[in-house]
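Peer 1: One structure, pasted below without further comment.
The values are calculated or read from the model by the stated rules, or taken from the named source; none is laboratory data. The model shown is predicted, which means the values in this text are computed figures rather than measured ones. Neighbour counts are summed over all protein chains in view; Cβ atoms, including those assigned to glycine, are modelled from backbone coordinates with ideal geometry.
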Ligand code: PEP
Ligand code: MN
């Protein structure tokens, strides 16, 4: 983290809910020195029936708090953008459910161009699924429209996966890392709230983002009374909790270098452990399917070893290796072992 003056922190409620909730939360944040405020005005809910945001009415409270020029909210279409701009917001962001849709991103990008925005800060969250090209493409659309790179922020909020995870959205750290290597000028912000899903995990995500990967800033959900929040109650922090956390995370950076390296090492080892776990689960699944294939072959009196099929498999592995820039022989050696075991099981 650069410095603990909170300039690179955007905090505020998941949703603007009511006058009292918003004014109290903003008052607490500002008293603690956090001036960039977030607040959901239109809420994209995965399922119908939940609170979908106050819509334009939220700006009554934003204006009453006199913070329009330090306000950030999510927009998903041209109309929402127009309303947000008409109230003079400092920034908008494109949410994870919108980044997956190039039509919607282009609509927002066209709106930005038509409004002649240049100074507006535009955040682009990663798409819900781990698709780097969609994320990069959305950023390019915003850039091509009119927003200079220095005003674009990539926001990493984790990915929806079906792996067992203690987090709500899996932080596959290498994907934002690859984005940064494709776009070195891009500012990277972490959204630890939507990764964590539970407030107890927010600090460890902030720590990794700032102390392992050197993120430029964070957007964090804060609420004056988190347990009573209408959306994302489990992951929101009280403003005081957030600054205490940020100060601890910052203190870690200024500790001597060796402990930072130890922290990095631990993080990468944890990541390797998780990957190993995934590999083992996949191998177990593969063996199970192999057994089923064995049964089918025996029922139809086929030989266990099918030369053509094996050739097809290794061709695919070799092509994938070339695609990803991995040593082909290395992968083929591993597949030899996998295949041998598979034949053995089928016998
Ligand atoms: C949000 O920031 O409140 C939100 C809905 O986030 P995401 O798009 O990351 O799910
Ligand atoms: Mn939220």
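Peer 1: If we only count helices (runs of 4 or more DSSP H) wholly inside the stretch 149-236, which ones have 2 or more residues that are in contact with a helix residue (DSSP H, G or I) (Cβ under 6 Å, 6 or more places away or on another chain), within 15 Å of ligand 1 (Cβ to nearest atom) and modelled with pLDDT of 95 or more?
Peer 2: 192-196, 202-207
Peer 1: Of the numbered conditions (1) closer than 24 Å to residue 124 by Cβ; (2) touching a residue at least 60 places away in the same chain (Cβ under 8 Å); (3) away from ligand 2 (no atom under 12 Å from the Cβ), residue 225 fails exactly one; give the number of that condition.
Peer 2: (1)
Here's the yes/no breakdown for (1) touching a strand residue (DSSP E or B) at 6+ places or on another chain (Cβ under 6 Å); (2) in a helix (DSSP H, G or I):
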{"position": "24", "(1), (2)": "no, yes"}
{"position": "30", "(1), (2)": "no, yes"}
{"position": "37", "(1), (2)": "yes, no"}
{"position": "49", "(1), (2)": "no, no"}
{"position": "62", "(1), (2)": "yes, yes"}
{"position": "83", "(1), (2)": "no, yes"}
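Peer 1: Under 7 Å by Cβ, and 6 or more places apart or on different chains, what pairs join a residue from the stretch 1-23 that is within 11 Å of residue 58 (Cβ to Cβ) with one that is modelled with pLDDT of 95 or more and part of a strand (DSSP E or B)?
Peer 2: So the pair list comes out as 13/221; 13/222; 15/40; 16/40.
Peer 1: Of all residues in the stretch 294-313, which are modelled with pLDDT of 90 or more and within 19 Å of residue 282 (Cα to Cα)?
Peer 2: Across the stretch 294-313, the qualifying residue is only 313.
Peer 1: While we're looking at this one, here's another question. Given (1) surrounded by fewer than 18 Cβ atoms within 10 Å (Cβ to Cβ); (2) more than 12 Å from the chain's Cα centre (by Cα); (3) under 26 Å from residue 53 (Cβ atoms), where does residue 224 come up short, assuming only one miss?
Peer 2: Tallying (1) surrounded by fewer than 18 Cβ atoms within 10 Å (Cβ to Cβ); (2) more than 12 Å from the chain's Cα centre (by Cα); (3) under 26 Å from residue 53 (Cβ atoms), residue 224 fails exactly one: (1).
Peer 1: Consider residue 252 carefully, then state whether it is in contact with a helix residue (DSSP H, G or I) (Cβ under 7 Å, 6 or more places away or on another chain) and not in a strand (DSSP E or B).
Peer 2: In short, yes.
Peer 1: Go through (1) over 15 Å from residue 220 (Cβ atoms); (2) within 19 Å of the chain's Cα centre (by Cα) one by one and return the number of the condition residue 38 breaks.
Peer 2: (1)
Peer 1: Checking residue 138 against (1) away from ligand 1 (no atom under 14 Å from the Cβ); (2) buried (at least 19 other Cβ atoms within 10 Å of the Cβ); (3) assigned to a helix (DSSP H, G or I), only one condition comes out false. Which one?
Peer 2: (1)
Peer 1: Checking the conditions here, which among 111, 53, 95, 91 is within 19 Å of residue 222 (Cα to Cα) and touching a helix residue (DSSP H, G or I) at 6+ places or on another chain (Cβ under 9 Å)?
Peer 2: Within the list 111, 53, 95, 91, the selection yields 91.
Peer 1: Can you tell me how many residues in the stretch 97-117 are over 23 Å from the mean Cα position of the chain (by Cα) and in a helix (DSSP H, G or I)?
Peer 2: 5
Peer 1: Right, here's the next one. Any residue in the stretch 175-204 that's within 13 Å of residue 158 (Cβ to Cβ): show its pairings with residues that are assigned to a helix (DSSP H, G or I) and away from ligand 1 (no atom under 14 Å from the Cβ) at Cβ separation under 6 Å, as long as the two are six or more apart or on different chains.
Peer 2: Short answer, once both residue conditions are applied: 175/132; 190/209; 192/206.
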